[in-house]
Amino acid sequence: MTAELRMLRRFALDLCLGRIVGETGEEPVYIGRIGLTDADGTPLLVDWRAPAAEPFFAATRAHPMGVTARRRYRWNRGRVVDYWDEVFGDPGSGDSTDAALDEDSALIASLGASRTEKMRDVLGTIQADQDEIIRASSRGPLVVDGGPGTGKTVVALHRAAYLLYADPQVEASRGGVLIVGPHRPYLAYVADVLPSLGEEGVLTCTLSDLVPEGEYARPESDPRVAGLKSSARWREAIDRGVRFYEEAPTERLTLESAGGDVRVTARDWADAFDAYDIGAPHNEARTQVWDALVERLAAKGNDAGRELELVSAEYARSEDLRRIFNHAWPSLDPTNVVEDMFSVPAYLRLCAPWLSPEDVALLQRENPREWTREDLPLLDAARARVGDPGAEQRRREREAAARAQRAEMEKVVDELMDTDDSELGLMKSLRHGDLRDALVDQAALPVERGSRMAGPFSHVIVDEAQELSDAEWQVLLERCPSRSFTVVGDRAQARAGFAETWAERLDRVGLRGARTASLKFNYRTPSEVMDEAAPVIRAALPDANVPESVRSSGVPVRRGTIAELESVVTTWLANAEEGVACIIAATDVETSFAKEHPRVSVLDPVSAKGLEFDLVVLVRPEKFGDGVSGAVDRYVAMTRSTQNLVVLE
C-alpha cells in the first residue's frame, strides 16, 4: 500500500497508459501502472501485469486477441500531450471511424525522444515480442538473446515486476528477485524503472557486490591468471582445501574424571567426525562434531551412574581433548583458505591437483590478500563451505529485534482488547501465535547487506550475461536453488568470445534446460549508425547476430580528428536543449571541459555497456584493442548512440 501511494503521488494522472476496446463493443478497458477501483469496487484501471491487460501490449493485426482498437497516451506534467490509435478490425466496417491504421507511430515517435541520465519510461510502448518474454513462465532458465538496442534490459526489468505480481513462486516472501547488472553506472541508469512499475523491494547489484571483498577488489592484470581462475572447478578446490581440516585424528587419549577414566579411541574420533548434518558449513559442523564427541565419551565413561550432563561438562573442560580437536577440526576463516592457496604452493597442489607446476607457480603472489575480481568466486565458495563468521551474531540480533516487536504488539493488543466492545471479541484473535508472527515487520529487522546478498532468491535476472565466467556463474547458482533464471545477453558482445550456443554454455555451468527467446529489432540505434557498426563486429565475428534498425535518423556518422573533441561536444550542447552525450575512450584524453556539463559523461567501452546516449563521441577507437575484444568494444561503443555518432581518430 505504501508503495502504491508513493506511485500515485509520483505519477498522478500519468498512471493511465491507454485503453483497449473489445470486439463486443463493451466499455473501453483502461490500462494503468497499478490497478485502481472506485468506492463501489468498479475497476478504473487494470494493472498492466494482469491477464486482462495483456492484449494492450500483445495484440497485433495478425493476432488481435479480441481487440478492435487500442489507444496509447503520451503524458507530460499531468497532461495528455499526444495519443496514438491503432485499429485491428476492418477499417471500413465502422468499428472506429476516427482512428488511423497507425500500428508503429507511438513506438517510432518515442524512439526519437531525447534521453536523460536515467532509463526513460517505456511501459506504454512495450512491443508484442517483448511482452511475450516478460510474461513467460519463471520455471527454469530463460535466455533473452538480442543485439544492441533490442530492448533486452527493458524486458528484464519489466519481467521482474511482472513475476513479482503474477507468480506466487517468486513473491518477496519466498526470496524475491535479484537483478545482477554489469557495473555501477548501469545500476544508476536503471534505478528508477522498477519503482515506476510499483516494485521497490527488488535487490539490484553487480556481481562484485555479492561478495564482501568485491568492494575493493581490482581487475586481474595478467590474462593467464584470469583464465585459470575462470573455471568452475575452483568450488571443488575449495572443498578439498576445507576437507583437509576435517580429518579425524587417530591419537589415543585417556580422560580422567570423578566417575572413572575413559579412553578416547580412533573409533570415537571417527564416529564423532561423521556426526554432523550433511551440507552444514565447516564451522557450524565443527560445533556439531564437538557435541557428538563429548556426548559419546560421557555415555562411554559413565560407569558410576552420574547425570550425563555433569559428565559431559567435565570432559568438555579437558584441555588435552580440546587441543587435539582444535588441531583436527579448527575454526576457519574463509578468506584464509583462499589466501593459503596463493601463498603455499603445496596447499594449492592439494586443493587443485589438475593444475600444472607452472600454473601453481603463476598463481602464487607476494600479497595473497590483494584480492582481484577473479578471486571473488573463490572467496564466495569458501564462505559458503566454511560459513559466514558473522552469521550467528546477525541471527541473534534479528531474534532480539523480533522479540522487541512482539512485546510492543502485546501492549497494543492489550489496549485494543480493553476497548473492544464487539460481541465476538474480535480483538482476541490478535493473541494467536501465528498471527503475531505474521505481523512482525521483517523489513524492519536488522539485516546486514552482505547477508541479504547471500540469498536465497526465487528468481535471478542477470544482464550482460555473456561476460560471466564459469566461476562467476557458480556465485549466482549458489543463490538460486530453484534454477529460475532470466539470462539476458548477446553472444556477439562477449569480450572474451562466445563460440558455443547459449544452451551449451549454460549446460556446462550447471544451468540446464534453458529456453531461448530472441529479439531481432534494434529500437535504439538508427540505421546510419548500424550500417557503420555491423562491418566492425562482422570482421571479427562473421556470424554475429546484428539486429535490424527500425528507424533512420537522417544524420550520417561523422568522422574527424581528436583536436575537434571539445568543439564537437560544446557545439552539440549549444544546439541540443535536451539529451545526454558520452565520450567513450580507452585511453586518457583531455576531457576536463566535460566536467562542467552534467549532461556529458566520460566512460571506457566496458563501462558504457547497457547505456544509451543521444550523442556518442568515440575517441581513437583503434586503441580499444585487437582481436575479438577490441572489435566488441568498438561495436558496443558505436551502438550506444540514439541519434548522433562522431568518430575521432
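So here's what we get for this one:
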read-out	value
Answer from 537, 584 - the residue that is within 23 Å of residue 465 (Cα to Cα), in a helix (DSSP H, G or I) and not aromatic (Phe, Trp, Tyr)	537
Which numbered condition residue 319 fails, given (1) modelled with pLDDT under 95; (2) surrounded by 15 or more Cβ atoms within 10 Å (Cβ to Cβ)	(2)
Single condition residue 466 does not satisfy, out of (1) crowded, with 16+ Cβ neighbours inside 10 Å; (2) in contact with a Pro (Cβ under 7 Å, 6 or more places away or on another chain)	(2)
Checklist (1) under 29 Å from the mean Cα position of the chain (by Cα); (2) more than 29 Å from residue 614 (Cβ to Cβ); (3) at pLDDT 90 or above applied to residue 118, failing item	(2)
Single residue of segment 29-52 satisfying the filter (under 27 Å from the mean Cα position of the chain (by Cα), not charged (D, E, K, R) and not in a loop (DSSP other than H, G, I, E, B)) that is modelled with the highest pLDDT	51
Residue check, residue 376 touching a Gly at 6+ places or on another chain (Cβ under 8 Å), closer than 23 Å to residue 217 by Cβ and either in a helix (DSSP H, G or I) or of a type in the set (Gly, Ala, Ser) (or both)	yes
Residue in segment 509-519 that is modelled with pLDDT of 95 or more and over 30 Å from residue 127 (Cα atoms) present	yes
Unmet requirement for residue 388, which otherwise passes all of (1) modelled with pLDDT under 95; (2) surrounded by fewer than 17 Cβ atoms within 10 Å (Cβ to Cβ)	(2)
Residues satisfying the stated conditions in segment 475-529, i.e. over 22 Å from residue 111 (Cβ atoms), over 18 Å from the mean Cα position of the chain (by Cα) and in a strand (DSSP E or B)	515, 516
Among residues of segment 597-642, those that are assigned to a helix (DSSP H, G or I), among the hydrophobic types (A, V, I, L, M, F, W, C) and more than 27 Å from residue 574 (Cβ to Cβ), counted	5
Qualifying residue in segment 227-234 (condition: touching a residue at least 60 places away in the same chain (Cβ under 8 Å) and either touching a strand residue (DSSP E or B) at 6+ places or on another chain (Cβ under 7 Å) or of a type in the set (Phe, Trp, Tyr) (or both))	yes
Among the residues listed as 581, 534, 586, 576, the single one being under 26 Å from residue 108 (Cβ atoms), among the small types (Gly, Ala, Ser) and modelled with pLDDT under 95	576
Number of positions in segment 433-474 that are modelled with pLDDT under 65 and within 18 Å of the chain's Cα centre (by Cα)	3
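Residue-by-condition table, conditions (1) in a helix (DSSP H, G or I); (2) surrounded by fewer than 14 Cβ atoms within 10 Å (Cβ to Cβ):
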site	(1), (2)
315	yes, no
327	yes, yes
331	no, yes
340	yes, no
343	no, no
346	yes, yes
359	yes, no
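Residue-wise test of (1) modelled with pLDDT of 95 or more; (2) among the charged types (D, E, K, R); (3) closer than 30 Å to residue 379 by Cβ; (4) surrounded by fewer than 18 Cβ atoms within 10 Å (Cβ to Cβ).
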{"site": "148", "(1), (2), (3), (4)": "yes, no, no, no"}
{"site": "153", "(1), (2), (3), (4)": "yes, no, yes, no"}
{"site": "157", "(1), (2), (3), (4)": "yes, no, yes, no"}
{"site": "171", "(1), (2), (3), (4)": "no, yes, no, yes"}
{"site": "191", "(1), (2), (3), (4)": "no, no, yes, yes"}
{"site": "207", "(1), (2), (3), (4)": "yes, no, yes, no"}
{"site": "215", "(1), (2), (3), (4)": "no, yes, yes, yes"}
{"site": "226", "(1), (2), (3), (4)": "yes, no, yes, yes"}
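The values are calculated or read from the model by the stated rules, or taken from the named source; none is laboratory data. Just so we're clear, the structure is a prediction, and the values are computed from it rather than from any experiment. Every residue, glycine among them, receives a Cβ derived from its backbone with ideal geometry; neighbour counts consider all protein chains shown.
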